[in-house]
Structures are given as structure tokens and as C-alpha cells.
């Protein structure tokens with residue numbers, strides 16, 4: 001990346017996710033889309049096993065040519081006068097490793113553009129998608145106090161299967177990345193499947209019961225509801241010793257929502273390749289999240305991890 005301006009960008013999307021974390025706050029519209037920045041991507045839809053249509057953005061591996069680097073990450077409506085000229089999608093790079101970045105419990109996939117940028121300009125395809133009830137995916141009854149919808153596991157399974165079928169994708173080299181709610185949903189995927197080559201989890205929980213207990217300390221007046229049908233065998237603390245996928249856990253030293261001890265407990269139980277980074281001075285998310293206060297080190301470290309297990 002040629003520009004260093006991103007190191008001081010105030011990310012509205014990250015702030016929104018920090019404000020509404022564990023609050024099921026979907027955003028239906030997209031304040032901006034990848035092409036607003038000159039980024040090559042395919043808008044796609046795919047079906048879940050229970051018949052819903054989900055929306056996704058597929059970013060092929062690409063360089064920074066034609067991308068408005070000084071705008072990427074600014075979650076703003078890009079004025080027409082600043083939008084780069086539309087580029088034709090013409091992919092000739094062959095099959096590449098692919099990273100799936102999943103949503104958390106608020107906003108939608110527009111807030112992952114900033115993260116995707118740092119990987120699709122480094123030799124990876126990137127795929128983002130919206131859960132049911134989020135963005136332009138099919139509508140769903142989202143109850144704000146629920147920690148998540150168990151049906152998101154069905155959505156995630158469909159997303160992975162869709163990605164593996166794409167002509168640009170090396171189906172044997174799939175990596176996952178998730179933050180907070182997205183972290184434990186991604187962990188469920190590596191616990192349930194044997195076709196994921198690398199996983200990065202930011203602010204991972206141990207169990208939903210531990211999470212509720214801790215969240216009540218932070219927000220005692222909130223009514224946090226655990227989905228009763230969520231499979232306990234896929235929760236991180238219970239599944240960790242069965243996971244063989246390489247795991248990189250990242251947590252802020254001052255995270256009060258998913259504290260360091262949660263990541264440490266999971267790390268201790270993992271038997272496969274593993275790394276743990278406790279980021280000094282970092283909080284759960286927002287402008288003091290690990291990726292913000294260590295930028296660009298966060299992306300250097302995570303790229304090294306993906307390079308090790310996906311290349």
C-alpha cells in the first residue's frame with residue numbers, strides 16, 4: 001500500500017461495531033460499496049440450505065492500481081466527483097488462496113472493506129457476506145437482545161461452500177477471520193469442518209454462559225439472551241482440543257467484554273498450530289481496538305500467519 005494515511009483514519013464502521021457489539025444491530029443499506037473506491041469485485045448471491053438468499057462481495061486478488069487508497073476505510077458516502085472510473089471485472093490471475101471475513105452482530109459487510117483491502121492487495125482473494133437480516137440478504141426476524149442467531153451457522157456453511165466453488169479460488173486454501181461474534185461463529189466452522197486451512201479470531205469467547213456473565217458486569221441492565229439451540233459442542237472452550245486448523249488469537253489487553261482470560265483458556269486447550277497476541281493497551285474494538293492502535297502491525301502479523309498456512 002502506497003499511502004500511510006490509513007494509519008490515522010477514524011473508522012466509523014469500527015466505532016459502530018464497538019458501540020453495538022452483542023446487540024444484534026443489522027444495517028440494511030450500504031453507505032458505500034467497493035467500486036466507489038475503484039476496487040474490483042463481484043456482487044454475488046447464494047442460497048442457504050433453508051432456502052434464503054444471501055448477498056456477498058467477492059474481491060479477487062489485485063494490486064492497488066486504480067484504487068483510491070486515501071479513501072479506503074472512510075465509511076462515508078463517496079461523492080461522485082471522487083469515485084474512480086468504473087473498472088471491468090476481468091480476472092486472469094488463476095486460482096488463489098481466499099480469506100473469508102465474516103460480519104459480527106452489527107452493521108453489515110460494508111465495514112469489512114477496510115480489512116479486505118489489506119489482503120486482496122497482498123495476493124489473496126477475499127470474500128465477505130451478510131447474514132440473513134443484514135445488508136441486502138433476505139430479511140429475518142432479528143431480536144436485538146439475542147447474542148446471535150443459530151441460523152447464522154447455516155449461512156456461514158453456505159458461504160464457505162459457495163466460495164470453494166468459485167473459479168478464482170484454490171479450494172484447498174481457505175482462511176477465516178472473525179471479530180467478536182464473528183470470531184466464535186468462525187470458530188464453530190473450524191470445529192465442524194476439516195477443509196479450513198487457517199483461522200484468525202479477534203476477541204474470542206470461551207462459552208456463551210461465560211460471555212453473558214461477563215457482559216452483565218459491563219452492562220448490568222441489559223437482557224442478553226443465549227440462543228437455546230446453539231450447538232454447545234461448537235463453542236470454543238468445548239471444541240478447542242478437537243480443532244486441528246492453525247489458530248491465531250488476538251485480544252486487547254484492556255478488553256472488558258471478552259477479556260484476555262477467555263483467549264488464554266482457548267489457547268491452552270488447542271492442540272494444533274497456534275499463536276496468541278495480547279495487544280498492549282487495546283480494548284475490545286473501536287478506535288482502541290487492536291487493529292487500530294497497532295496499525296499497520298496488525299495486518300503485517302495477520303498476513304504472516306496467512307502466508308504461513310495458505311501459501
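The values are calculated or read from the model by the stated rules, or taken from the named source; none is laboratory data. These numbers come from a predicted model, not from an experiment. Don't worry about glycine lacking a Cβ; one is built from the backbone with ideal geometry, like all the others, and counts go over all protein chains shown.
Collect the residues in segment 40-61 that are surrounded by 19 or more Cβ atoms within 10 Å (Cβ to Cβ) and either farther than 25 Å from residue 105 by Cβ or modelled with pLDDT under 95 (or both), keeping them in residue-number order.
40, 60, 61
Of all residues in segment 80-119, count the ones that are within 13 Å of residue 38 (Cα to Cα) and surrounded by 23 or more Cβ atoms within 10 Å (Cβ to Cβ).
Looking only at that region, the number is 2.
Of 133, 104, which residue is in contact with a strand residue (DSSP E or B) (Cβ under 6 Å, 6 or more places away or on another chain), closer than 20 Å to residue 198 by Cβ and part of a loop (DSSP other than H, G, I, E, B)?
104
Can we say residue 201 is touching a residue at least 24 places away in the same chain (Cβ under 8 Å), surrounded by fewer than 15 Cβ atoms within 10 Å (Cβ to Cβ) and either part of a loop (DSSP other than H, G, I, E, B) or under 21 Å from the mean Cα position of the chain (by Cα) (or both)?
no
Sort through 308, 301, 257 and tell me the only one that's surrounded by fewer than 17 Cβ atoms within 10 Å (Cβ to Cβ) and either under 18 Å from the mean Cα position of the chain (by Cα) or not in a loop (DSSP other than H, G, I, E, B) (or both).
308
Among the residues of segment 279-296, is there at least one that is farther than 19 Å from residue 181 by Cβ, in contact with a helix residue (DSSP H, G or I) (Cβ under 9 Å, 6 or more places away or on another chain), in a helix (DSSP H, G or I) and without any contact (Cβ under 8 Å) to a residue 24 or more places away in the chain?
Yes, that holds for at least one residue.
Search segment 136-158 for residues being surrounded by 23 or more Cβ atoms within 10 Å (Cβ to Cβ) and part of a helix (DSSP H, G or I), and hand back the single one that is nearest to the chain's Cα centre (by Cα).
156
For segment 62-97, enumerate the residues that are in contact with a helix residue (DSSP H, G or I) (Cβ under 6 Å, 6 or more places away or on another chain) and either touching a residue at least 60 places away in the same chain (Cβ under 8 Å) or within 28 Å of residue 152 (Cα to Cα) (or both).
Answer for segment 62-97, where residues must be in contact with a helix residue (DSSP H, G or I) (Cβ under 6 Å, 6 or more places away or on another chain) and either touching a residue at least 60 places away in the same chain (Cβ under 8 Å) or within 28 Å of residue 152 (Cα to Cα) (or both): 70, 72, 73, 75, 97.
What is the number of the single condition among (1) at pLDDT 95 or above; (2) over 22 Å from residue 123 (Cα atoms); (3) touching a helix residue (DSSP H, G or I) at 6+ places or on another chain (Cβ under 8 Å) that residue 190 does not meet?
Among (1) at pLDDT 95 or above; (2) over 22 Å from residue 123 (Cα atoms); (3) touching a helix residue (DSSP H, G or I) at 6+ places or on another chain (Cβ under 8 Å), residue 190 violates only (3).
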